[in-house]
1. Restricted to the stretch 2-39, and to residues that are outside any helix (DSSP H, G or I) and surrounded by fewer than 19 Cβ atoms within 10 Å (Cβ to Cβ), which residue is farthest from the chain's Cα centre (by Cα)?
2. List pairs: first in the stretch 175-187 and on the phi < 0 side of the Ramachandran plot, second among the basic types (Lys, Arg) and not in a strand (DSSP E or B), Cβ under 6 Å, 6+ apart or cross-chain?
3. If I ask for residues that are in a helix (DSSP H, G or I), of a type in the set (Gly, Ala, Ser) and either in contact with a helix residue (DSSP H, G or I) (Cβ under 7 Å, 6 or more places away or on another chain) or more than 22 Å from Ser17 (Cβ to Cβ) (or both), which ones from the stretch 89-118 would you list?
4. Take Asp143 and decide whether it is within 18 Å of Gly70 (Cα to Cα) and of a type in the set (Asp, Glu).
5. For the stretch 232-249, check the following and say yes or no: at least one residue is buried (at least 16 other Cβ atoms within 10 Å of the Cβ), closer than 18 Å to Thr277 by Cα, among the polar types (S, T, N, Q) and in contact (Cβ under 8 Å) with a residue 24 or more places away in the chain.
6. Within the stretch 81-121, how many residues are under 17 Å from the mean Cα position of the chain (by Cα) and either buried (at least 19 other Cβ atoms within 10 Å of the Cβ) or aromatic (Phe, Trp, Tyr) (or both)?
Amino acid sequence: MNWYATLDRLQAILALSDDAELVSAWDAFSAEVKRAEHHPYHIERIRLELDAMTLSRGGGAVRVLDHGCGPGSTLIYLAALGYTDSFGVDVSGNKNSAQNRLARLCWGRRYDCFLEYDGRTLPFADQSFDLVISQQVVEHVPDAEYEAYFAEEGRVLAPGGVALHQIPHKLVPYDSHTGAWVLPMLPDRVAQTVMKALGGEWPDHVHLRWPWVHAGMIQKHIGPFRNLSAERLTGLQDIAYYDGPKGLRGLIARVCALPGVGPVFARGLSNFVLMETRAEKR
């Protein structure tokens with residue numbers, strides 16, 4: 001399913017004011033998602049993790065936290081697949097009344113599961129979750145809350161729990177937030193000065209850091225991790241899904257798919273693309 005078309009579909013569902021219409025629309029959407037042969041890349045990664053956890057527990061529920069959920073689209077899609085024991089938190093001031101109404105009417109939730117929080121302390125008890133997901137959120141976390149972001153994930157993850165992160169960083173030569181090439185790789189003050197000289201302003205909500213800084217935080221507060229970035233290069237074939245230069249991304253996908261040299265190329269290039277990791281709580 002095309003992710004951008006799915007987002008439009010979810011927005012239309014959430015806008016329905018009649019309860020019966022909402023339930024009917026949700027049932028139709030959920031049935032369509034369950035029939036789909038393929039899911040958007042970032043969903044498929046999570047789904048595989050959830051399926052494995054569920055199987056290992058003999059069908060037991062897996063509790064999920066989306067740390068920086070925005071409008072909750074990822075969790076809503078996962079709910080359509082049957083994974084409804086989830087919470088989403090965000091600091092952006094998103095009004096989540098429609099999402100919580102959906103959860104109550106269609107998932108059987110008795111309490112709000114889409115919450116606003118202070119960006120520092122997660123409103124959950126220790127070891128509350130089996131899976132934490134964070135998808136292109138950390139680059140928006142200010143320095144004052146940066147370490148707490150990872151520390152709180154470690155606190156709420158149960159032993160053996162898993163954290164999945166997608167993190168833009170300073171080694172990526174193109175930054176989709178600013179539309180700038182190379183500038184993200186420069187020292188912050190230099191990048192801001194150059195951006196201003198070019199007639200723009202560096203967004204105050206973008207805080208890119210080096211990938212090894214993120215790696216250190218993941219290891220310190222969660223546990224050992226596996227870098228999935230090369231796998232992402234070869235797995236992301238739906239170029240319409242990509243928010244950077246699509247022509248270049250298409251060329252990279254074709255090279256990564258070449259027999260023999262493709263995997264080697266992907267491993268070398270993986271340091272300069274979105275960092276994707278899987279960490280397991282000690």
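Please treat every number below as a calculation from the coordinates, not as lab data. Remember, it's a predicted structure, so these values are computed and weren't measured experimentally. Please note: Cβ atoms are built from the backbone with ideal geometry, for glycine as well, and neighbour counts cover all protein chains shown.
1. Taking the stretch 2-39 as the starting set, the residues that turn out to be outside any helix (DSSP H, G or I) are 2, 15-18, 36-39.
Next, from what is left, pick out any that are surrounded by fewer than 19 Cβ atoms within 10 Å (Cβ to Cβ): 2, 15-18, 36-38.
Working: Asn2: 16, Ala15: 24, Leu16: 26, Ser17: 29, Asp18: 31, Ala36: 21, Glu37: 21, His38: 18 Å.
The residue in question is Asp18.
2. From residues that are on the phi < 0 side of the Ramachandran plot, the pairs are Pro184/Lys170; Met185/Lys170.
3. Here is the first cut: in the stretch 89-118, the residues in a helix (DSSP H, G or I) are 97-107.
Of the ones still in play, those that are also of a type in the set (Gly, Ala, Ser) are 97-98, 103.
The answer is Ala98, and nothing else.
4. On the way: within 18 Å of Gly70 (Cα to Cα): no; of a type in the set (Asp, Glu): yes.
For Asp143, the condition - within 18 Å of Gly70 (Cα to Cα) and of a type in the set (Asp, Glu) - is not met.
5. Within the stretch 232-249, one or more residues are buried (at least 16 other Cβ atoms within 10 Å of the Cβ), closer than 18 Å to Thr277 by Cα, among the polar types (S, T, N, Q) and in contact (Cβ under 8 Å) with a residue 24 or more places away in the chain.
6. Of the residues in the stretch 81-121, 8 are under 17 Å from the mean Cα position of the chain (by Cα) and either buried (at least 19 other Cβ atoms within 10 Å of the Cβ) or aromatic (Phe, Trp, Tyr) (or both).
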